[in-house]
Amino acid sequence: MKIACIGAGSWGTALALAAARNGHEVWLWARRPEAAARYHDERVNAEYLPGVSFPPNIHATSSLGRALDEAEIVLLVVPSHGVRAVLREMLPFVSSRAVLVGAVKGIENETLMRLSDVVRDEVGDRYQPRYVVLSGPSFAAETARGEPTAIVAASSNPDWAGTVQRELSSSTFRVYTNDDVVGVELGGALKNVMAIATGGVTGLGFGHNSVAAIITRGLAEMTRMAVRMGGRVETLAGLAGLGDLVLTCTGSLSRNRHVGVELGRGRPLGEILTEMREVAEGVRTTRSAFELGLKLDVELPITEAVHDLLYENGDARLMADRLMGRPLKRE
């Protein structure tokens, strides 16, 4: 089938490669015409995934109309803050019969909406229930190289989750299905906040004890929020929760962990973000999660500490002291 991948960053390109390996005709959309032309001519995305060549069935374009025409699966892989605008551009071209797959991890700052709610807000019932969330522990570079990866496709309709599972799964890319859209989305978004925290203590020079503590208590925090919003505990114990959390908090390829590490070393946030090629979603998500916690009266001590680190004092030592100085309690 024809699959459109809207977004040609590292993860969008990796998903395009995964789909192409299953024999699909894949159209990879890049906003900049010069970038699309370069990917088309050179058969590689040297900006984001150097060294991984495109097979003949990947076609790069800057035309949304060309990418979306008759596409049966549409992978939406743009930064979370750009989802709403890109959806508006897509609507004249995308088929109402297509399965729309959100492979984005974040919470909209202005509305505090999960991204499936943003999609519903923009397209109404057009994609209901043809909307699937794709999330889980998956560094783009490893997926692009064909290293074994397992992720989750979540939808309120099992048929559409099953379609994504069937068409994307391969011997190296295993897709599980789930009907807990809330839990899968929040797991993917909130783990980035925890990765900034673990990066911060790592940048301070602390070791594995500190990282393990944040991962464990971070999972409890993520679960509280997910359950409060209608998600399930077991989802957060799976690939989209614990799996993605461990990967992002410990892997050297994690952009969010990198931000935390550099903050822990004393560098200012603006300087760190300016030199990064791709978005560290956790920076924006921290603000949304912090405000959601206040709105829903959910205890989020790590999120609150990271919020202070990013938006108040910029001091990772204060973040660590704040977490360790909280009142003693039962686990």
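A few remarks follow.
- For peptides 23-36, 186-199, sequence by mean Cβ density within 10 Å, most packed first: 186-199, 23-36
- Placing dummy labels 7 Å off each Cα toward the beta-carbon, the span from Ala212 to Thr172 is 3.3 nm.
- Spatially proximal aspartates and glutamates relative to Lys295 (Cα-Cα < 15 Å; intrachain offsets below 8 disregarded): Glu108, Glu110, Glu304
- For segment 2-179, the calculated P(r) over all alpha carbon pairs, in 5 Å bins from 0 to the bin holding the longest distance, is 1, 9, 19, 23, 22, 16, 8, 2, 0 percent.
- Arranged from fewest to most other beta-carbon atoms within 10 Å of their beta carbon, Ser62, Ser80 become Ser62, Ser80.
- Helix 33-42 and the longest principal axis of the C-alpha atoms of the chain enclose an angle of approximately 70°.
- Debye log10 I(q)/I(0) for segment 109-174, one point scatterer per Cα, at q = 0.26, 0.28, 0.29 Å⁻¹: -1.07, -1.14, -1.18
All of the numbers you see were taken from the coordinates with simple rules; none came from a lab. Bear in mind that the values here come from a model prediction, so they are computed numbers and not experimental data. Using ideal geometry, Cβ is built from the backbone for each residue, glycine included, and neighbour counts are taken over all protein chains shown.
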